[in-house]
Amino acid sequence: MHAINSVAMPCLPMLIYAFLLLRVRAMHPSNDAKARATHRATLMLSVQSAVIIFIHFTTCMTYLLAEYVIRSEVVVYIAHIDWMCMHG
């Protein structure tokens, strides 16, 4: 059950971000200035959410590796650094 939680944690926000960003893009389909500004903002939000999801994903997967598969010092240090990045 813990492994399912660690895999679902980064996947669910990815789906939510994708749904919201596609919805914002669908609200402004024309090529006027407002739509271009919305598309730029959507791109910036996409990059920001991709970085956040990548940090969550690496944190969860490294934690799973450290807990179930590998017990090396390097994996533990990577897990700690990822954990600090994830929680600020």
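The values are calculated or read from the model by the stated rules, or taken from the named source; none is laboratory data. Predicted model, so just to flag it, every value in this text is computed and none were measured. Every residue, glycine among them, receives a Cβ derived from its backbone with ideal geometry; neighbour counts consider all protein chains shown. Calculation scope for accessible area: heavy atoms of the full protein, side chains included, ligands and nucleic acids excluded. Shrake-Rupley method; radii C 1.70, N 1.55, O 1.52, S 1.80 Å.
Would you please name the residue that is surrounded by the most Cβ atoms within 10 Å (Cβ to Cβ), looking only at residues in the range 78-88 that are of a type outside the set (A, V, I, L, M) and within 15 Å of the chain's Cα centre (by Cα)?
ASP82
For THR42, only one of the following conditions fails: (1) within 22 Å of ASP82 (Cβ to Cβ); (2) surrounded by 13 or more Cβ atoms within 10 Å (Cβ to Cβ); (3) of a type in the set (S, T, N, Q). What is its number?
Going through (1) within 22 Å of ASP82 (Cβ to Cβ); (2) surrounded by 13 or more Cβ atoms within 10 Å (Cβ to Cβ); (3) of a type in the set (S, T, N, Q) one by one, THR42 breaks only (1).
Taking interchain pairs and intrachain pairs at least six residues apart, which have beta carbon atoms under 8 angstrom, with the first residue in the range 28-48 and within 12 Å of TYR17 (Cα to Cα) and in contact (Cβ under 8 Å) with a residue 24 or more places away in the chain and the second assigned to a helix (DSSP H, G or I) and open to solvent by less than 50 Å² (accessible area, probe 1.4 Å)?
So the pair list comes out as LEU45/LEU21; SER46/LEU21.
So if I check each of ILE16, ILE53, ILE4, which one is open to solvent by 80 Å² or more (accessible area, probe 1.4 Å), modelled with pLDDT of 80 or more and part of a helix (DSSP H, G or I)? Let's see the steps before the verdict.
Numbers: ILE53 fails: open to solvent by 80 Å² or more (accessible area, probe 1.4 Å); ILE4 fails: modelled with pLDDT of 80 or more.
Step by step, each of ILE16, ILE53, ILE4 is checked, and only ILE16 is open to solvent by 80 Å² or more (accessible area, probe 1.4 Å), modelled with pLDDT of 80 or more and part of a helix (DSSP H, G or I).
Any residue that is modelled with pLDDT of 80 or more, exposed (fewer than 13 other Cβ atoms within 10 Å of the Cβ), among the hydroxyl-bearing types (Ser, Thr, Tyr) and under 21 Å from HIS87 (Cα atoms) - is there at least one of those in the range 67-77?
Yes, some residue in the range 67-77 is modelled with pLDDT of 80 or more, exposed (fewer than 13 other Cβ atoms within 10 Å of the Cβ), among the hydroxyl-bearing types (Ser, Thr, Tyr) and under 21 Å from HIS87 (Cα atoms).
Of the numbered conditions (1) among the polar types (S, T, N, Q); (2) open to solvent by 70 Å² or more (accessible area, probe 1.4 Å); (3) modelled with pLDDT of 80 or more, ASN31 fails exactly one; give the number of that condition.
(3)
Quick one: is THR58 assigned to a helix (DSSP H, G or I), among the hydroxyl-bearing types (Ser, Thr, Tyr), open to solvent by less than 40 Å² (accessible area, probe 1.4 Å) and touching a Pro at 6+ places or on another chain (Cβ under 9 Å)?
The answer is yes for THR58.
Out of the residues in the range 19-28 that are open to solvent by 100 Å² or more (accessible area, probe 1.4 Å) and among the hydrophobic types (A, V, I, L, M, F, W, C), which is modelled with the highest pLDDT? Quick ask: steps written out before the conclusion?
Here is the first cut: in the range 19-28, the residues open to solvent by 100 Å² or more (accessible area, probe 1.4 Å) are 19, 22-23, 25, 27.
If we keep only those that are among the hydrophobic types (A, V, I, L, M, F, W, C) as well, we get 19, 22, 27.
Values: PHE19: 86, LEU22: 80, MET27: 77.
Ranking the qualifying residues of the range 19-28, first place goes to PHE19.
Pairs under 6 Å by beta carbon, first residue acidic (Asp, Glu) in the range 68-88, partner at pLDDT 80 or above, six or more apart or different chains?
Pairs found: ASP82/THR58; ASP82/THR59; ASP82/THR62.
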